[in-house]
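Reviewing the structure listed below.
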Amino acid sequence: MNRNRSFLLLACLVSLLGCAAATLVQPYDEKLLTGSEQFYRKAATIIEHSKMQSPTERPTTEDPSHPGHSANMENLYAELLIDTNILLLRALANSEQVDTSGQLLQSKITRYIDNALPSNCDNSADDIRAEFSSLTVKNFVDLKCLVVNWQAQHQAAPGKVLTQADWSRRHVSLVRFIVAIQQAEVAKLRQSDR
Amino acid sequence: MTTLNQIDIGNVLQEALASAKNAAKDSWPAVSELADNIARSILIDLEYVARQKVLGQIDEYGAKIFLEDQRMVARARLRSLAIVTLQLAEDIINAMLRVFNAAAQKALGWLLFPVG
């Protein structure tokens, strides 16, 4: 009886050891942490500059020569989009390090989030059609979408000019987004410290 | 308690559980904080828009684009919560694997599965 129990326990031990070390999330990447901070710095500077050039009241007519007009800010949005693409490519480089179990879990979570809170972008920000995109990658896809949508909002605004309050609220959104990205990355850092 | 080559299986299990609890202890505050933030921020945003509307400091377009942005922020926050939670699960699994691997190596005399 004791020998049977020992064998059973040994079998349990061996089956537990049948899996290699788990990698449920893609590893910490310092460049994503510092890169997201740099992105914040640049975007916040653009927001502050734009706010200073914007009216307090929403315009009722369009003036293409207004410094806050969307056409005069296209290059700024383009620069931010390039920066989001750089971060996205960096995140994608490590995406495949997630193991099979992690990929399954992350794919389910992505489907849940997409159903509960559909993106504003309809995949227009997702140029990368990888077989598997990790949650980290999806965060940077959404950061790109945030900028894409900002440009669309600006173009659709009355008079194609945003108010100072609109720019202030964009700063709030930017801070929240970057903090969420960094919290996730820092959590991985605690693991890689060990 | 069952022993195997002088390894007490009961002790191994206790050590694995302690290792898992330790792994959870470091990461749980991050999970808890993120979950709290997501729940509170939705209410805070609606209160903010309502207050700003009463003060005449936000119009319909301003409210629309602000809340559109908050949907993307919520997506990022949910993902980050999931990442932190999965990291916690990974920590727990790997902590237990290290204990079991060491015990199996000692009990069986083989290095069966190296843990990274």
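For this structure, a couple of remarks:
- With R₀ fixed at 25 Å, the C-beta to C-beta distance from A:LEU189 to B:ALA50 puts the FRET efficiency at about 0.05.
- Pair A:ASN115, B:ALA18: separation of 7 Å Cα→Cβ label points (nm): 4.3 nm
- Computed over the Cα atoms of region A:136-194, pair by distinct pair, the Kirkwood hydrodynamic radius stands at 13.3 angstrom.
- Computed FRET value (nearest 0.05) for A:GLN38 with B:GLN105, which takes r as the C-beta separation and R₀ as 35 Å: 0.20
- Lysine pairs within region A:38-194, Cα separation less than 24 Å, 8 or more sequence positions apart or different chains: 12
- Within straight-line reach of B:LYS25, meaning a Cα separation under 12 Å, sit the following aspartates and glutamates at least 8 residues removed in sequence or on another chain: B:ASP91.
- Rounded to the nearest 100, the interface formed by chains B and A buries 4900 square angstrom of accessible surface, both chains summed, with a 1.4 Å probe.
- Here A:ASP122 and B:ASN11 are evaluated by their C-beta separation; at R0 = 41 Å the FRET efficiency comes out at 0.15.
The values are calculated or read from the model by the stated rules, or taken from the named source; none is laboratory data. No experiment lies behind these values; they were computed from the predicted model shown. Methodologically, a virtual Cβ is constructed for each residue, glycine included, from the backbone with ideal geometry; neighbour enumeration extends over all protein chains shown. Only protein heavy atoms, including side chains, enter the accessible area calculation; ligands, DNA and RNA are left aside. Shrake-Rupley method; radii C 1.70, N 1.55, O 1.52, S 1.80 Å.
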